[in-house]
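The values are calculated or read from the model by the stated rules, or taken from the named source; none is laboratory data. Computed from a prediction, not measured in an experiment: that's the story for all the values here. No Cβ is skipped: glycine too gets one built from the backbone with ideal geometry, and neighbour counts run over all protein chains shown. Remember, those area values only see protein heavy atoms, side chains included, never the ligands or the DNA or RNA. Shrake-Rupley method; radii C 1.70, N 1.55, O 1.52, S 1.80 Å.
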Amino acid sequence: RDAQESRGLGDVYKRQTINIAEIASLPIPMEINALFITGVVEFFGGLLILIGLWTHLAALLATFIMLMAYLTAHYAWFPTLNNGELAAMYFTAFLVIFAFGPGPYSADSWLAIWRQEKRKNKMDKNKL
């Protein structure tokens, strides 16, 4: 038999790693790379959530990214059966952050207080 014909299933399934360059170069409509967008949202969205600036927008985008990650990479609906626990947990966490907001010790709260004081000073100036 030829060497090509004598391959067993072990040879076919020997490659267990994924080359990230193959995934990153998949054609996506409008020439947008989904992995790049996901990385930008996760990195900068995480930083924005950490400091509390534009928290609602960053959490909404991160929630959408986690929903898409779960629906595309984890096929079953039960997270423990398809290794989707982290995606489901992050989805829930970002949804809670989106619903409840940044909190009192965030850049958004500081900016809101600063704007209120600025408006108050402007109103006081106009009264005189």
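Within the range 55-76, the residues that satisfy the criterion of being among the hydroxyl-bearing types (Ser, Thr, Tyr) and closer than 24 Å to Pro102 by Cβ are Thr55, Thr63.
Entry remark, the range 49-81: residues being open to solvent by less than 70 Å² (accessible area, probe 1.4 Å) and in a helix (DSSP H, G or I) number 13 in total. Screening Gly46 with (1) crowded, with 16+ Cβ neighbours inside 10 Å; (2) at pLDDT 90 or above gives one miss only, at (1). Of the residues examined, Glu85 is not one that is closer than 29 Å to Leu111 by Cβ and of a type in the set (D, E, K, R).
Residue count for the range 82-107 under the criterion of being open to solvent by 40 Å² or more (accessible area, probe 1.4 Å) and either part of a helix (DSSP H, G or I) or in contact (Cβ under 8 Å) with a residue 24 or more places away in the chain (or both): the result is 16.
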